[in-house]
1. Considering only lysines 8 or more places apart in sequence, or on different chains, count the pairs in the chain whose C-alpha atoms sit under 17 Å apart.
2. Ignoring ligands, DNA and RNA, what accessible area per residue does the chain give at 1.4 Å, in Å²?
3. Please provide three numbers in whole Å: the alpha-carbon extents of region 42-124 along the principal axes, with the largest listed first.
4. Could you state the angle between the C-alpha long axis of helix 2-41 and the longest principal axis of the C-alpha atoms of the chain, as a value from 0 to 90 degrees rounded to the nearest 10?
5. Rounded to the nearest Å, what's the spacing between the alpha carbon centres of region 100-151 and region 38-85? Just the number, please.
6. Expressed as a whole percentage, what fraction of the accessible surface of the chain belongs to carbon and sulfur atoms when a 1.4 Å probe is rolled over the protein heavy atoms?
7. What number, in percent, do you get for the relative contact order of the chain if the mean sequence gap of Cα pairs under 8 Å and at least 6 apart is divided by its residue count?
8. With +1 on the Cβ of every Lys and Arg and -1 on the Cβ of every Asp and Glu, and nothing else charged, how large is the dipole of region 1-118 about its Cα centre, in debye rounded to the nearest 20?
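The values are calculated or read from the model by the stated rules, or taken from the named source; none is laboratory data. Predicted, not measured: the structure shown is a model, and the values here were computed from it. Using ideal geometry, Cβ is built from the backbone for each residue, glycine included, and neighbour counts are taken over all protein chains shown. Heads up: the accessible areas ignore ligands, DNA and RNA and are worked out on the full protein's heavy atoms, side chains in. Shrake-Rupley method; radii C 1.70, N 1.55, O 1.52, S 1.80 Å.
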Amino acid sequence: MNGKTTQKREKNLIILLSGFCAYIFLSSTFQNITLCYDLGKDDTDTFIWQMVPQSVGLLLMIFCAALIFGILRNMWRKQVFVRENARSVQFIGLAVMVYGFFLAIWEGISPVETAAGFMRNLFLLLGAFFVLVGCVFKAGVRMKEEQDLTI
């Protein structure tokens, strides 16, 4: 009885997280389209400097939401420790770290005053954490493969 309850909870959590990722994906896409529309209307010199980091961040959210959705799809299929999931987690970490570096560079070249210093460091730290989790996942995949080969 306890095993079936746990499986039902896991499936409900996967469905909830999948819905959340779909929401993030769709809302980020809509926000990006809205930003592009606003770019066409606004002719001030500073708008592009404010819009580009936000647009890159929204594209990053779309990319990460798609990768997370792939991980959740594999979890639905009961494939947790597979190479695809480990790579996806590492790609998420690398993408978040690249965005942190992008914010650092953008802050240096932008003529507009931004308060991205804290966010830059947060993205770098979060990206490093996800890369570490990806490495742990890869070790789990190797252990699973060794266990599958053991009679």
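1. Details: Lys4/Lys78; Lys8/Lys78; Lys11/Lys78; Lys78/Lys138; Lys78/Lys144.
The result is 5.
2. Values: 10330 Å² over 151 residues.
In whole numbers, the chain has 68 Å² accessible per residue.
3. Ordered largest first, region 42-124 gives principal extents of 51, 26, 14 Å.
4. The helix 2-41 is inclined about 20 degrees to the chain.
5. If you average the Cα positions of each part, the centres end up 14 Å apart.
6. Details: 7130 of 10330 Å².
The value for the chain is 69 percent carbon and sulfur by accessible area.
7. Details: 135 pairs, mean separation 35.2, N = 151.
RCO, the chain: 23 percent.
8. Values: 10 positive and 8 negative charges, 271 e Å.
Using Cβ point charges on Lys, Arg, Asp and Glu, region 1-118 gives about 1300 debye.
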